[in-house]
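Comments concern the structure below.
The values are calculated or read from the model by the stated rules, or taken from the named source; none is laboratory data. Keep in mind the model is a prediction, meaning the values are calculated, not measured. Note that each Cβ is placed from the backbone with ideal geometry, even for glycine, and that neighbours are counted across all protein chains shown.
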């Protein structure tokens, strides 16, 4: 019943946007962009924080119009930065955190734009990378861990900003090609060619790249940072092929193929491998 309702809702929204594109095309693209870029889940209430985040020290960083929420588990001088994905927040790291804290490291998690306690309405990779840069300039992290769109954003961040303090990156279940993400969205809503072409033009301008080049596989093609990449072969949210594209383009990467973990990739054995990759000096 719930799936049927969701199907009807998305198709109704798509029909509305398609009709709008013939009368008020600019408004149609604005609405479509809103559905594509504005998270509908992931916000949290500062008075009802998840228990995991209550155990951290909260610090809010304000820079220009950006209000970036961070959560800090204080340890030694080794700093790990955590980057969650779409429609999520820093509480998603609940199961990984004990492994990282056990190492003695300082762990810092960031809430992405429009999610958790950070401000903003739109979640885009360039805006998220800007949030990461604000935090990175203050704390100079040595390691970065990103899940899903957080992983893609982390790769884009390192590609664009080339942060020399980042020694290793862990990327979990990240997509590669933006064109596939956009195609999945337009197919979900059954958007017409007018809207699709207008969206493609909008994102070419927004991302300042040809859309086929705005891909994680392109971001890592000349990357010198060491990587650990994990992707589930049965994943349905981000297909395994996306992870494989990244692995094949990244020269210095350890690629872990998992089975049965799904997109979230919560697994004790996997987390042990992540810890070994990060903290074993021979890696």
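Before moving on, here are some points about what is shown:
- Residue within segment 226-240 that is modelled with pLDDT of 95 or more, loosely packed, with under 14 Cβ neighbours inside 10 Å, over 24 Å from residue 179 (Cβ atoms) and in contact with a strand residue (DSSP E or B) (Cβ under 7 Å, 6 or more places away or on another chain) present: no
- Every test in (1) crowded, with 21+ Cβ neighbours inside 10 Å; (2) in a loop (DSSP other than H, G, I, E, B) is passed by residue 95 save one, and that test is (1).
- Considering only residues in segment 252-280 that are over 21 Å from residue 239 (Cα atoms) and not in a helix (DSSP H, G or I), the one that is nearest to the chain's Cα centre (by Cα) turns out to be 252.
- For segment 20-41, the set of residues classified as touching a helix residue (DSSP H, G or I) at 6+ places or on another chain (Cβ under 8 Å) and without any contact (Cβ under 8 Å) to a residue 60 or more places away in the chain consists of 20, 27, 31, listed by residue number.
- Residue that is surrounded by the most Cβ atoms within 10 Å (Cβ to Cβ), among those in segment 42-78 that are outside the structural domain of residue 134 (by TED's automatic domain parsing) and within 30 Å of residue 198 (Cβ to Cβ): 42
- Residue 242, sole failed condition from (1) in the same structural domain as residue 254 (by TED's automatic domain parsing); (2) not in a helix (DSSP H, G or I): (2)
- Note on segment 142-172: among residues that are assigned to a loop (DSSP other than H, G, I, E, B) and in contact with a strand residue (DSSP E or B) (Cβ under 6 Å, 6 or more places away or on another chain), the one that is nearest to residue 26 (Cα to Cα) is 166.
- Tallying residues that are touching a strand residue (DSSP E or B) at 6+ places or on another chain (Cβ under 7 Å) and more than 23 Å from residue 165 (Cβ to Cβ) within segment 268-283 yields 2.
- Tabulated pairs, segment 254-280, first without any contact (Cβ under 8 Å) to a residue 24 or more places away in the chain, second surrounded by fewer than 17 Cβ atoms within 10 Å (Cβ to Cβ) and not in a helix (DSSP H, G or I), C-beta under 7 angstrom, 6+ apart or interchain: 276/283
- Test: residue in segment 205-222 that is at pLDDT 95 or above and in contact with a strand residue (DSSP E or B) (Cβ under 6 Å, 6 or more places away or on another chain): yes
- Among the conditions (1) surrounded by 14 or more Cβ atoms within 10 Å (Cβ to Cβ); (2) not assigned by TED's automatic domain parsing to the domain that holds residue 277, the only one that residue 205 does not satisfy is (1).
- Those residues of segment 142-163 which are touching a residue at least 40 places away in the same chain (Cβ under 8 Å), more than 21 Å from residue 239 (Cβ to Cβ) and crowded, with 24+ Cβ neighbours inside 10 Å, in sequence order: 143, 144, 145
- Residue within segment 235-253 that is touching a residue at least 24 places away in the same chain (Cβ under 8 Å) and closer than 23 Å to residue 101 by Cα present: no
- Test for residue 167: is it in the same structural domain as residue 130 (by TED's automatic domain parsing), surrounded by fewer than 20 Cβ atoms within 10 Å (Cβ to Cβ) and within 23 Å of residue 93 (Cα to Cα): yes
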